[in-house]
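Notes follow once the structure below has been shown.
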Amino acid sequence: MGGKVDKRVNNGRGPYVYCINGQNMHMIGSVLPVEGAPPKFSQLYIHDTSNETTNRIAAVSGQDTKKSLRPSIVQQLQKILDNHNELVKTYRLAGDFMGNHQGQEVKIRLIHKGGKNAHTYNLPTSPNEIAALVVGDIGSTELGRDIIIQYRSGLLERISETHQSYLPMQYPLLFPYGDGGYTEGIPHKKTQRKMKGESGTVSLREYFAYNIQDRALDGSLLLYGHKLYQQYLVDAYTMIESYRLRYIRMNQKKLRAEVYNGLADAVFRGDTQASFVGKRVILPSSFTGGARYTMQNYQDAMAICRWAGFPDLFITFTANPKWPEMTRFLEARQLRIEDRPDIVTHIFKMKLDLLIKDIRKEGIFGSVKAVLYTIEFQKRGLPHAHILVFLANKDKLSTAKDIDNIISAEIPNKEAQPELHDVVVNYMLHGPCGIANPHSPCMDKGICTKQSPKNFNSTTVIHEDGYPRYKREDNGVHVMKNGIPLDNRYVIPYNATLLLKYGAHINVERCNQGDSIKYLFKYVNKGYDRVTAAFYTQADDVSEGLVRDEIKMFFDCRYVSSCESVWRILGFDINYRNPSVERLSFHLPNHQMVVFEENEDLQHVMSRNNGKPTMFEAWFIANAKYENAKGLTY
């Protein structure tokens, strides 16, 4: 695999998380190493004894053979694969041929089932139907996305994401029959009702969304893969994303985008060739997670703010790995929380939908004008929602009493409210940190980044910066956590009703100040920090006329973990807003965006767009021409 595994996230006591950075891909080497070169992990071996196989597996996994692997189990697995896995049979066939024809150049061609000749190759029932042994050079035959494994070569070949052997070759124990890979052109089951936007064939995302469902009558080996299942999920999502990005790259149609006024400057300078102007590889705003996507969602949030006023509540909601629904499910199958990130994601999504319903329709905070949220994934991979709530004017939190009615920042009385006391202690206490625990994740240069502990306050006070100082009485109430007493100064603000109902970390804060709007909306719609930073960094080579590849910049900076992979495979929303927003473009005179092809003459582009009004300019023209148009907003 080509992705870089980020092992830093597993430093600590939390559940295991499989996380990769950069572009993920599968690559395959030759059957044998180059003459005189040492073997590499990427290369494949055919003639193995059981003991050598055991040692090779241990070397790849970094394990001690004597402690971690039992040769009898490895022998049994090898026997199963030899008898049932069609890909393994293909390699054995090649091995026998090489043994009988020493020095003969042999290549294995794994045939891609798909395209115009999809009917030629059926599902694997014998090695000859999924592969071909080729003696000598293959020649100039059009091979499409077939995989060619050579006898001896120093090169690595990238496997196409849509090849049906992509996953079975990577996970032979999860797919012991050598099948289970995606193939283009799988037809949808015929139903009476056709879904909106549905094509006639199954997409890569739909294929994986179907595969990871838990079915009562289907004992899927995949769902019991433990840590390997996490890797499979990340692998699957990066396949989907890579497939989408490849489509974007291949359908750029050599188009460029440049501000109209910039074109006029280029023509004035004498740059008449379109190839010298604009950005070469564009990542459009329709691609979820890209910088343009993030910026447009930020602008949508600001549009809601312009219409609804300042947000009143800022809520963070984090998945709880100890939810009883989750615990019951996992215990019945003898699994741990890290073994089923798909179940964590499903349950969090259901509870998030119910939480939004409580806010919007049940009126838990009063009448609501607008709600928006964005989903991100913590360092440990758990899904995490940032929610902004806009209340109606009659329910604004304008006084300290209004705030106290819905937000608390104190440890409840254990005798009077035992259940609330327990959930506050379990989920809403920060720390210990500071001198008592200088190695806490919140510590930076000896100071808590969350400004904990807070100050004691006898009453709630709305500070001039717009943020309240919640009531935190110095009443001597405290609880012990890791041997350290924590009092009201360490309580994270919460709403008692939500906390009791959902039993998870739900931080509820009051916010209603213009100075905080920019910070709040950027935080809620920040997306991938590393991606945004890299996207807006001007490379030195841009000024020299070299290609600026936004897709590559996205690949280099993104991090993907298992829960995020499930969220995206299942097609859940990353950004939610109610009411919806219609995006309208606007610009200064002669600063509209125009699109043109690489080989076009810029003077022709200028003449083609000269005098052609944009929608925004047409609105101004209508205002000047028609009296009734003056009463219509853009």
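Just checking, how many residues over segment 353-374 are surrounded by 21 or more Cβ atoms within 10 Å (Cβ to Cβ) and either within 18 Å of the chain's Cα centre (by Cα) or without any contact (Cβ under 8 Å) to a residue 12 or more places away in the chain (or both)?
So the answer is 2.
Among the residues of segment 58-90, write down those that are of a type in the set (S, T, N, Q), assigned to a helix (DSSP H, G or I), under 21 Å from Ile149 (Cβ atoms) and at pLDDT 85 or above.
Gln78
For segment 580-598, name all the residues that are part of a loop (DSSP other than H, G, I, E, B) and either more than 18 Å from Tyr634 (Cα to Cα) or touching a strand residue (DSSP E or B) at 6+ places or on another chain (Cβ under 6 Å) (or both).
Across segment 580-598, the qualifying residues are Asn590, His591, Glu598.
Determine the pairs where a residue that is at pLDDT below 65, located within segment 191-209, has a partner that is of a type outside the set (Phe, Trp, Tyr) with Cβ atoms under 9 Å apart, the partner being 6 or more residues away or on another chain.
Qualifying pairs under 9 Å: Lys194/His188; Met195/His188; Glu198/His188.
Take segment 592-634 and flag every residue that is more than 19 Å from Ile282 (Cβ to Cβ) and aromatic (Phe, Trp, Tyr).
Answer for segment 592-634, where residues must be more than 19 Å from Ile282 (Cβ to Cβ) and aromatic (Phe, Trp, Tyr): Phe616, Trp619, Phe620, Tyr626, Tyr634.
Condition first: at pLDDT 85 or above, among the charged types (D, E, K, R) and either out of contact with any Ser or Thr (no Cβ under 8 Å at 6 or more places or on another chain) or over 20 Å from Glu410 (Cα atoms) (or both). Now tell me which residues in segment 431-473 satisfy that.
Lys454, Arg472
Tell me, which residue of segment 375-399 that is at pLDDT 90 or above and of a type in the set (Gly, Ala, Ser) is farthest from the chain's Cα centre (by Cα)?
The residue in question is Ala392.
For Arg145, are the conditions met, namely being within 25 Å of Ser242 (Cα to Cα), at pLDDT 65 or above and in a strand (DSSP E or B)?
The answer is no for Arg145.
Out of segment 91-108, which residues are part of a helix (DSSP H, G or I), touching a residue at least 40 places away in the same chain (Cβ under 8 Å) and among the hydrophobic types (A, V, I, L, M, F, W, C)?
Of all residues in segment 91-108, those part of a helix (DSSP H, G or I) come to 91-100.
Now drop any that are not touching a residue at least 40 places away in the same chain (Cβ under 8 Å), which leaves 91-95, 98-99.
The answer is Leu93, Ala94, Met98.
Across segment 562-604, what is the number of residues that are buried (at least 16 other Cβ atoms within 10 Å of the Cβ), modelled with pLDDT under 80 and under 14 Å from Asp300 (Cβ atoms)?
Residues meeting the conditions: 0.
So which of Ser140, Ser220, Ser153 ends up being more than 24 Å from the chain's Cα centre (by Cα) and modelled with pLDDT of 80 or more?
Ser220
In segment 545-579, what residues are under 18 Å from Ile375 (Cβ atoms) and out of contact with any helix residue (DSSP H, G or I) (no Cβ under 8 Å at 6 or more places or on another chain)?
Asp573
From the set of residues in segment 1-11 that are in contact (Cβ under 8 Å) with a residue 12 or more places away in the chain and part of a loop (DSSP other than H, G, I, E, B), which is surrounded by the most Cβ atoms within 10 Å (Cβ to Cβ)?
Going through the qualifying residues, I end up with Gly3.
In segment 270-303, which residues are more than 13 Å from Ile551 (Cβ to Cβ) and modelled with pLDDT under 70?
Gly270, Asp271, Thr272, Gln273, Ala274, Ser275, Phe276, Val277, Gly278
The values are calculated or read from the model by the stated rules, or taken from the named source; none is laboratory data. None of the values given here were measured: they were computed from a predicted structure. We place every Cβ from the backbone using ideal geometry, glycine too, and count neighbours over all the protein chains shown.
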